[in-house]
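The block underneath contains the structure these notes are about, expressed in structure tokens.
The values are calculated or read from the model by the stated rules, or taken from the named source; none is laboratory data. Keep in mind the model is a prediction, meaning the values are calculated, not measured. Neighbour counts run over all protein chains shown; Cβ positions are idealised from the backbone, glycine included. Just the protein is used for accessible areas: all its heavy atoms, side chains included, with ligands, DNA and RNA removed. Shrake-Rupley method; radii C 1.70, N 1.55, O 1.52, S 1.80 Å.
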Amino acid sequence: MTYVGQPVDRLDGTAKVTGEARYSAEYPYPNVAYAALVHSTIARGRITRIDSAAARKTPGVLAVITHENAPPMKPAPKVTPMDLSTLASGTTVNYLNTDEVHWNGQPIAVVVAETLEAAREAAHLVEVEYAELPATVDFAAEEGNATPQKNSLIAEGGAKKGDPEAALASAPFSLDLRYTTPGHNHNAIEPHSTTAFWDEDRLIVHEGSQNVAWTQGHLAVRFDVPKQNIRVISPFVGGAFGGKGMVWPGTVLTVLAAKVTGRPVRLMLTREGVNRTVGGRTPSIQRVAIGAEAGGSMTALIHTSITQTGKVGGGPEQVTSQTRHLYDAANIQVQQNLVELDALSNTVMRAPGESIGSFALEATVDELAYKLGMDPIELRARNEPARNPIDGKAFAHRMLLECYEVGAKEFGWGERSPEPGSMRDGKWLIGMGVASAYHPAWQFQANVTVRLSADGTVLIRCGFHEMGMGTSTAQAQIAADALGVPLGAITMEYGDTALPTGPSAGGSGQTASIAASLITACEKLRRSVFSVARKTPGSPLRGRRFADVQARDAGLYDGSRGESYQEILRRADLPSIESQVGSDTRLGEITGQVRFMSKLLMDRRRWVKAACGAQFCEVRVDSDTGEIRISRWLGVFDVGKVINAKTAASQLRGGIVMGIGMALAEETQVDPRNGRIMNAGLAEYHVPVHADIPSIDVRYLDDPDPTMPLGLLGIGEVGIVGVAGAIANAVYHATGKRIRDLPITLDKLL
Ligand code: MOS
């Protein structure tokens, strides 16, 4: 393969650094109007009076839309497994079609004005009175009211093997620990923005999205127009991490405002607006208990969690996911529990479940290693399963111990003296920690067309999503190899519902999903081109067999006989040849979806598929102030085949950076009296800055998984998993203090 695996520069790199790449708030519409949201200041109740007189008088204001004058919308669609677009409902609230308030921060009015400034100023002038109702807003206080989570599409509620509580009670060595993690806000560099325009009954929406088809399907329901009348355009997304997977109020209300004013309307959420109207990561309370024999073999492994959803929506989080797969304990129990609050729906955020679940699990495993007097890597090796521990299924790919082996050597793990507090550099206490990363590998349906033109260029069309990961570059590499053309011959079109429906950019599954269809489409195209050539008088490929033909040098060749694509099409007098995978008719899409899902489920019954890895971290803790600095990082990953060495490393590194934020800084603080987020902005919600991040070394084994397209396992999420655990373990090694409540801030160390 010429391109697959290479560190190819991003094809969209130039467009991005020159500003030519357009994001959703940057599409020029003459006559565009600007919107601003008014948020509720109570968590639950009814609006008894809303006075927009002063707002209306603000110069430039075009409309103040409230529940008193908003046109009707249809309620959010109910989630059904047959129509995945129903998953896109951020919340079930019918915004501005009700006087009810369901969370503190819910949008209750939209101001539209000629300028952004006028809209935002007027939004502050809307006066609201409420009849408040008692609200359940304090997650910690609800611990006793948690109920077992039902199995859902994405997260099984619980599973059990043997009698773990009895095994724990009789184990010669045991730990039974409690962990907490706070909520986290989405803070992608591009805040959520929408530009919407109605042309009669046709709607155009520019929206940074992880699934343009879901956004389209959702808006079709809400505004009661046929799906084909709506076009969602989203070629570039400034990061998303799960925060742009659902349809949040800003999108719906921009479309509504465009309808009311008859103007193109643009809403750019402030950071605070994102925090109040876009769901974040749930907080969690977790119990991890492990029983082990003196030699380290685990006899009992229990992991339970409590997380929150909003009463108006959100999804259960699979906190115990990694615990089902990482250790070969004789008795295992995992159970996820839920509380429902009068709060904004939670949503997915990079490795939902595993990122926080692995913190609790991996910190407990480390603590057990100390208790047993064993090296933590040795303890993991002792409990490495040959098959999936909970149900005996086969692993499609599993090279976790190889990751540790490479990592230990490269990181210098052997030079660590295990005693806590034993490594020092002046006032700095030095600690080293490890933890395992784990994330399931997913695939979704993707429709793709590939068109070869007589000038030798190739156009690939698929409504996938480029959120900064380099997806289009990786797919161009795959297609260039499959067709034997130079990378420069390929043009990619993506991020648009006018294209064949692509997969969600989520669950680390986008690249594998597109690749599967793209490889098939390229194969079909090679066959079509060959059958044209074979029949064309004068073609050197006449009488040849397809099985003997190779795609190379921008053409088809059987040994030295053959010719370029350009020559084949010219000789046959064809302007282009196209191949297609998937269907774009509504019925074809639904049957395709059903067929794909049943194939996927069959596959899942046979295999456990996942990426995994070993995180190595070194911290320096100021012995006077408790300040924690990350001084070194190495992540070694088993992610199957890597398509682009450069963008893959970036993505894994980005996951580690986000994990460092989770471990040391990030925390959504909610006022327990009224459910209001107290730190809804980057001044008070801390994310790591450059000075917080050391140079991060990322390696991968590059061993293809035989059950996945091209052998790739997905890399978007596995990088964050285990990061907080490795840091907590390193902090313990440095200081002798176990911090079991994230974030690990200096006050907790003093
Ligand atoms: Mo992801 S949290 O599946 O965008």
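Any chance the stretch 327-343 includes a residue that's of a type in the set (A, V, I, L, M, F, W, C), within 16 Å of the ligand (Cβ to nearest atom), assigned to a loop (DSSP other than H, G, I, E, B) and touching a residue at least 60 places away in the same chain (Cβ under 8 Å)?
We begin by selecting, within the stretch 327-343, every residue of a type in the set (A, V, I, L, M, F, W, C); these are 329-330, 332, 334, 338-339, 341, 343.
From what is left, the residues that are within 16 Å of the ligand (Cβ to nearest atom) are none.
Checking the stretch 327-343: not a single residue is of a type in the set (A, V, I, L, M, F, W, C), within 16 Å of the ligand (Cβ to nearest atom), assigned to a loop (DSSP other than H, G, I, E, B) and touching a residue at least 60 places away in the same chain (Cβ under 8 Å).
From the list A360, A351, A369, which one is more than 16 Å from the ligand (Cβ to nearest atom), surrounded by 24 or more Cβ atoms within 10 Å (Cβ to Cβ) and not in a strand (DSSP E or B)? Spell out how you get there, then give the answer.
Values: A351 fails: more than 16 Å from the ligand (Cβ to nearest atom); A369 fails: surrounded by 24 or more Cβ atoms within 10 Å (Cβ to Cβ).
Among A360, A351, A369, only A360 is more than 16 Å from the ligand (Cβ to nearest atom), surrounded by 24 or more Cβ atoms within 10 Å (Cβ to Cβ) and not in a strand (DSSP E or B).
Pick from G463, G412: which is crowded, with 20+ Cβ neighbours inside 10 Å and under 35 Å from the mean Cα position of the chain (by Cα)?
Values: G412 fails: crowded, with 20+ Cβ neighbours inside 10 Å.
When all the criteria are applied, what remains is G463.
Those residues that are at pLDDT below 85 and among the β-branched types (V, I, T), I need them from the stretch 588-613; list them, please.
Of everything in the stretch 588-613, those that are at pLDDT below 85 and among the β-branched types (V, I, T) turn out to be I590, T591, V594.
Quick check on the stretch 271-279. Is at least one of its residues crowded, with 23+ Cβ neighbours inside 10 Å and of a type in the set (S, T, N, Q)?
Checked against the condition, which is being crowded, with 23+ Cβ neighbours inside 10 Å and of a type in the set (S, T, N, Q), the stretch 271-279 yields at least one hit.
In the stretch 461-520, how many residues are away from the ligand (no atom under 16 Å from the Cβ) and more than 25 Å from Y565 (Cβ to Cβ)? Before the answer, list the steps.
The first filter runs over the stretch 461-520 and keeps only residues away from the ligand (no atom under 16 Å from the Cβ), leaving 461-463, 472-494, 496-501, 515-520.
Narrowing the set further to residues that are more than 25 Å from Y565 (Cβ to Cβ) leaves 463, 496-498, 501.
Going through the stretch 461-520 one residue at a time, the tally reaches 5.
Has the stretch 86-108 got at least one residue that is of a type outside the set (V, I, T), at pLDDT below 95, surrounded by 21 or more Cβ atoms within 10 Å (Cβ to Cβ) and over 19 Å from L269 (Cβ atoms)?
yes
Does at least one position in the stretch 557-569 carry a residue that is modelled with pLDDT of 95 or more, touching a Cys at 6+ places or on another chain (Cβ under 7 Å) and either open to solvent by 40 Å² or more (accessible area, probe 1.4 Å) or under 30 Å from D705 (Cα atoms) (or both)?
Looking for residues that are modelled with pLDDT of 95 or more, touching a Cys at 6+ places or on another chain (Cβ under 7 Å) and either open to solvent by 40 Å² or more (accessible area, probe 1.4 Å) or under 30 Å from D705 (Cα atoms) (or both), one finds none in the stretch 557-569, hence no.
Scan the stretch 690-728 for residues that are out of contact with any His (no Cβ under 7 Å at 6 or more places or on another chain), part of a loop (DSSP other than H, G, I, E, B) and acidic (D, E) and report the count.
Matching residues across the stretch 690-728 total 2.
Report every pair of residues separated by at least 6 positions or lying on different chains whose Cβ atoms are under 6 Å apart, first residue within the stretch 698-726 and free of Cβ contacts under 8 Å to residues at least 12 places away in the same chain, second more than 15 Å from the ligand (Cβ to nearest atom) and in a loop (DSSP other than H, G, I, E, B).
none
Quick one: how many residues across the stretch 146-161 are open to solvent by 100 Å² or more (accessible area, probe 1.4 Å) and modelled with pLDDT of 80 or more?
The qualifying residues number 2.
Test of understanding: among I590, I628, which residue is of a type in the set (A, V, I, L, M) and surrounded by fewer than 18 Cβ atoms within 10 Å (Cβ to Cβ)? It would help to see each step written out before you state the result.
On the way: I628 fails: surrounded by fewer than 18 Cβ atoms within 10 Å (Cβ to Cβ).
On inspection, the qualifying residue turns out to be I590.
Answer yes or no as to whether V731 is away from the ligand (no atom under 16 Å from the Cβ), buried (at least 16 other Cβ atoms within 10 Å of the Cβ) and either part of a helix (DSSP H, G or I) or without any contact (Cβ under 8 Å) to a residue 12 or more places away in the chain (or both). Explain how you work it out, then say what you get.
Details: away from the ligand (no atom under 16 Å from the Cβ): yes; buried (at least 16 other Cβ atoms within 10 Å of the Cβ): yes; either part of a helix (DSSP H, G or I) or without any contact (Cβ under 8 Å) to a residue 12 or more places away in the chain (or both): yes.
Criteria met by V731.
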